[in-house]
Amino acid sequence: MIDTSKQGKIFLSPPHLSGNEWKYMKDAIDSNWIAPLGPNVDAFENELAHYVGAAGAVAVSSGTAAIHLALILLDVKKGDTVFCSSLTFVASANPILYQGAEPVFIDSEPETWNMSPEALKRAFQEANLTGKLPRAVIVVDLYGQSAKMDEILALCNQYDVPLIEDSAESLGSTYKGQSCGTLGKFGVFSFNGNKIITTSGGGMLVSDDLEALKKARFLATQARDPAPHYQHSEIGFNYRMSNILAGIGRAQLENIEERVATKRLIFSYYYEELSGIPGLHFMPELKNTRSNRWLTTLTINENITGISSNKLLHSLTEKNIEARPVWKPLHLQPLFKGIKYYPHNEHSLSDQLFMTGICLPSGTNITEIEMMRVINCLKDTLKNPAKIG
Ligand SMILES: *Cc1c(COP(=O)(O)O)cnc(C)c1O
């Protein structure tokens with residue numbers, strides 16, 4: 001038998017260079033634009049805004065920084081509350097704490113794994129009764145899938161609360177033909193190393209409100225007042241993206257549609273091989289939406305398979321395959337102990353997704369042979385659940 005543990009490591013979602021990175025970086029270096037501003041930054045902002053169909057964009061040092069700026073622009077401050085999806089990466093909610101505000105977490109619903117409009121409705125109703133509506137809502141588009149935006153926007157509009165769409169994982173995804181990240185007042189993208197396109201680290205804030213974006217640029221460059229000397233009347237941040245990294249981003253963005261197609265193909269490949277196995281359920285795609293399928297994700301029903309998602313993850317790790325559990329919901333994190341939480345119904349769906357869900361290697365540079373290695377490992381383990389220690 002082949003000792004697969006000796007085979008090369010398969011990563012979850014490694015960076016994938018697309019070809020022109022060096023050209024744009026070289027332009028930056030040749031022209032001495034090594035600053036957190038410059039032609040690549042301007043072009044990357046314009047190209048991304050154009051691609052998603054937003055009026056404008058501001059390139060920043062991370063997706064987290066973009067969320068932070070959106071909260072500041074919406075005047076979120078100490079004593080305020082912000083409603084936020086619970087099933088997400090901690091970066092969705094950390095900026096709420098930066099502002100001294102308090103998050104309130106909202107559960108997922110089964111058709112998108114994203115914010116439950118039912119739970120959101122209850123949260124709004126209770127907040128309204130106590131006379132303390134949230135200052136903003138942060139909705140996450142998880143693993144490339146948009147949330148139920150019509151229902152969520154209707155509730156936000158009813159209570160006149162602005163929406164921030166955290167599309168860090170969902171560049172290239174659409175909701176009823178409209179790009180994810182453009183459905184709320186502000187949208188956020190991330191170009192961290194594991195995202196569908198990367199600048200090694202970076203983010204983008206998008207909006208149709210150009211005045212607000214102008215303010216975001218001001219805040220992201222230390223809030224320097226228009227004066228010949230260095231004068232400051234507000235707290236500023238050093239959040240701008242470097243012109244070199246924006247060059248990488250421009251090259252990566254050229255291939256975004258191809259990337260989405262590849263991610264979707266990876267999903268189909270896993271789906272065809274594994275969806276027939278009783279007890280396995282792949283993350284759904286809501287009708288009239290296009291998920292970029294950033295990560296292929298599925299749940300394992302231990303009652304049917306006889307093996308838990310943890311044990312399955314363990315067997316993948318043993319074969320040098322990087323897979324991950326679904327995000328641990330934020331309402332379960334020690335950091336957010338005691339924070340208010342609204343489950344979807346009498347059950348908390350995000351708890352269940354966390355306990356049963358795994359993300360499979362989904363890098364756009366994965367090979368068919370590597371995918372077969374993942375599939376065979378899963379099939380072997382599921383066939384012999386008793387063999388796993
Ligand atoms: C990656 C990610 C972020 C943060 O982006 P960074 O660029 O790493 O700061 C925020 N929200 C979600 C859902 C993410 O996956």
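The values are calculated or read from the model by the stated rules, or taken from the named source; none is laboratory data. Remember, predicted model here, so these are calculated numbers, not experimental data. For neighbour counting, all protein chains shown are included, and Cβ atoms are generated from backbone atoms with ideal geometry for every residue, glycine included. Note: accessible area is taken over every heavy atom of the protein model, side chains too, but ligands, DNA and RNA are not part of it. Shrake-Rupley method; radii C 1.70, N 1.55, O 1.52, S 1.80 Å.
Of the numbered conditions (1) in contact (Cβ under 8 Å) with a residue 60 or more places away in the chain; (2) touching a helix residue (DSSP H, G or I) at 6+ places or on another chain (Cβ under 9 Å); (3) not in a strand (DSSP E or B), L12 fails exactly one; give the number of that condition.
(2)
For segment 369-388, which residues satisfy the criterion of being over 17 Å from L298 (Cα atoms), out of contact with any Lys or Arg (no Cβ under 9 Å at 6 or more places or on another chain) and modelled with pLDDT under 95?
If the condition is that a residue be over 17 Å from L298 (Cα atoms), out of contact with any Lys or Arg (no Cβ under 9 Å at 6 or more places or on another chain) and modelled with pLDDT under 95, then K383, N384, A386, K387 are the ones that fit.
Looking at Y230 and the list (1) assigned to a loop (DSSP other than H, G, I, E, B); (2) open to solvent by 20 Å² or more (accessible area, probe 1.4 Å); (3) at pLDDT 95 or above, which single condition is not satisfied?
Going through (1) assigned to a loop (DSSP other than H, G, I, E, B); (2) open to solvent by 20 Å² or more (accessible area, probe 1.4 Å); (3) at pLDDT 95 or above one by one, Y230 breaks only (3).
Determine whether K148 is farther than 19 Å from R293 by Cα and among the basic types (K, R).
Details: farther than 19 Å from R293 by Cα: no; among the basic types (K, R): yes.
Considered against the rule, which asks whether it is farther than 19 Å from R293 by Cα and among the basic types (K, R), K148 comes out as no.
Restricting to segment 269-286, give me the number of residues that are outside any loop (DSSP other than H, G, I, E, B) and either assigned by TED's automatic domain parsing to the domain that holds S179 or under 19 Å from S350 (Cα atoms) (or both).
Narrowing segment 269-286 to residues outside any loop (DSSP other than H, G, I, E, B): 269-274, 280-282.
Still in the list and also either assigned by TED's automatic domain parsing to the domain that holds S179 or under 19 Å from S350 (Cα atoms) (or both): 280-282.
The number of residues fulfilling the criteria is 3.
Out of the residues in segment 46-89 that are within 15 Å of the ligand (Cβ to nearest atom) and part of a loop (DSSP other than H, G, I, E, B), which is farthest from T112 (Cα to Cα)? I'd like the intermediate steps shown before the answer.
Of all residues in segment 46-89, those within 15 Å of the ligand (Cβ to nearest atom) come to 48, 57-71, 82, 84-89.
After this cut, where a residue has to be part of a loop (DSSP other than H, G, I, E, B) as well, the list is 61-62, 86-89.
On the way: S61: 29, S62: 25, S86: 13, L87: 11, T88: 13, F89: 16 Å.
Ranking the candidates gives S61 first.
Which of the numbered conditions does L378 fail, given that it passes all the others? Conditions: (1) touching a Leu at 6+ places or on another chain (Cβ under 6 Å); (2) buried (at least 20 other Cβ atoms within 10 Å of the Cβ).
Unmet condition: (1).
Residue by residue through segment 135-163, note down the ones that are touching a residue at least 40 places away in the same chain (Cβ under 8 Å), away from the ligand (no atom under 11 Å from the Cβ) and either crowded, with 24+ Cβ neighbours inside 10 Å or in the same structural domain as F267 (by TED's automatic domain parsing) (or both).
A136, V137, Q145, S146, A147
Quick test of your reading of the structure: D225 fulfils all but one of (1) assigned to a loop (DSSP other than H, G, I, E, B); (2) open to solvent by 40 Å² or more (accessible area, probe 1.4 Å). Name the failing condition by number.
Every condition holds for D225 apart from (2).
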